[in-house]
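All remarks here apply to the structure that follows.
The values are calculated or read from the model by the stated rules, or taken from the named source; none is laboratory data. Just so it is clear, the structure is predicted and the values come from calculations on it, not from any experiment. Counting neighbours? That spans all protein chains shown, and the Cβs are built from the backbone with ideal geometry, glycine included. The area values use the complete protein model at the heavy-atom level, side chains included, leaving out ligands, DNA and RNA. Shrake-Rupley method; radii C 1.70, N 1.55, O 1.52, S 1.80 Å.
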Amino acid sequence: MANRVAPRTSVPLSLTTATALAALARARGHGWSALGLGPDRLGHGARLGGRAAAAVALLYAAGALLPATRPLFADQRAAPDLPGLLRQSLVDVPLGTVLPEEIAFRSVLPALLSDAFGERAGRALPVLLFGLWHVLPSADLVTANPALASASAAGTGARRTTAALGAVVTTSVGGALFTAARARSGSLLAPALLHAALNSLGYLAAWTVTRPRG
């Protein structure tokens, strides 16, 4: 819905989805702490997520400045103007992307899949599903950022099929990293802050690389 049918309603759709998923898990008997939403672990999540976000900021700053990696940040999906960039970074990413994805893939799905198939599957399946979740968004990557599409496909060419496969692999790796942050901190805030930094600061880096000069 958010990618193809009604992209302008992605934020309310995402908020509705996140609320419904949390309600479903609660109805199945999972407490807030078990879902990573307990207040007792917020401090741990904020510290771990904050450190991870700072590392992302340093990595992106270096990548956007170095000639060898600068083309990877030339992403045309970043808004061309500052108000649009602020909306992408402060509204669309945290509410339209990070909130529903973290609730789904690091909170509710691990709990429900563990109930159905055991804890090992509850850890592994959401990581794979998170990768598959990015097949549709990857369709725009070839035209929006050919350099990144080619890099994510291990240099085999910026085609939709290879970009989709690369997106599944790279976002599955990212999903495993987010899952580790959630497990280490006991809070969904840690992967949410890391996830938001990767996406929002990515738009900022793309804007600095692609905006007209002078």
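Contact list please: Cβ distance under 6 Å, first residue in segment 3-15 and at positive phi, second residue among the aromatic types (Phe, Trp, Tyr) and buried (at least 17 other Cβ atoms within 10 Å of the Cβ), pairs at least six apart or on different chains.
Listed by first residue and then by second, the contacts come to nothing, as the list is empty.
Go through 100, 83, 71 for me and flag whichever is in contact (Cβ under 8 Å) with a residue 12 or more places away in the chain, surrounded by fewer than 19 Cβ atoms within 10 Å (Cβ to Cβ) and either not in a helix (DSSP H, G or I) or not charged (D, E, K, R) (or both).
71
Would segment 15-24 turn up any residue that is more than 15 Å from the chain's Cα centre (by Cα), in a helix (DSSP H, G or I) and within 25 Å of residue 184 (Cβ to Cβ)?
yes
What number of residues within segment 33-54 satisfy the criterion of being open to solvent by less than 60 Å² (accessible area, probe 1.4 Å) and either in a helix (DSSP H, G or I) or at positive phi (or both)?
Number satisfying all stated conditions: 10.
Residue 14: over 26 Å from residue 148 (Cα atoms) and open to solvent by less than 30 Å² (accessible area, probe 1.4 Å), yes or no?
It is true that residue 14 is over 26 Å from residue 148 (Cα atoms) and open to solvent by less than 30 Å² (accessible area, probe 1.4 Å).
Somewhere in segment 127-134, is a residue in contact with a Leu (Cβ under 8 Å, 6 or more places away or on another chain) and at pLDDT 95 or above?
Yes, that holds for at least one residue.
What are the pairs with Cβ atoms under 6 angstrom where one residue, in segment 172-197, is of a type in the set (Lys, Arg) and the other, located anywhere, is open to solvent by less than 10 Å² (accessible area, probe 1.4 Å) and in a helix (DSSP H, G or I)? Sequence gap at least six, or different chains.
Here the result reads 182/106; 182/191, each pair linking segment 172-197 to a residue that is open to solvent by less than 10 Å² (accessible area, probe 1.4 Å) and in a helix (DSSP H, G or I).
Is it the case that residue 160 is modelled with pLDDT of 90 or more, at negative phi and open to solvent by 60 Å² or more (accessible area, probe 1.4 Å)?
No: the conditions fail for residue 160.
Restricting the search to segment 185-201, which residues are in contact with a His (Cβ under 8 Å, 6 or more places away or on another chain), surrounded by fewer than 24 Cβ atoms within 10 Å (Cβ to Cβ) and part of a helix (DSSP H, G or I)?
Hit for segment 185-201 is 185, nothing else.
Would you pick out the residues in segment 112-128 that are touching a residue at least 40 places away in the same chain (Cβ under 8 Å) and open to solvent by 10 Å² or more (accessible area, probe 1.4 Å)?
112, 115, 123, 127, 128
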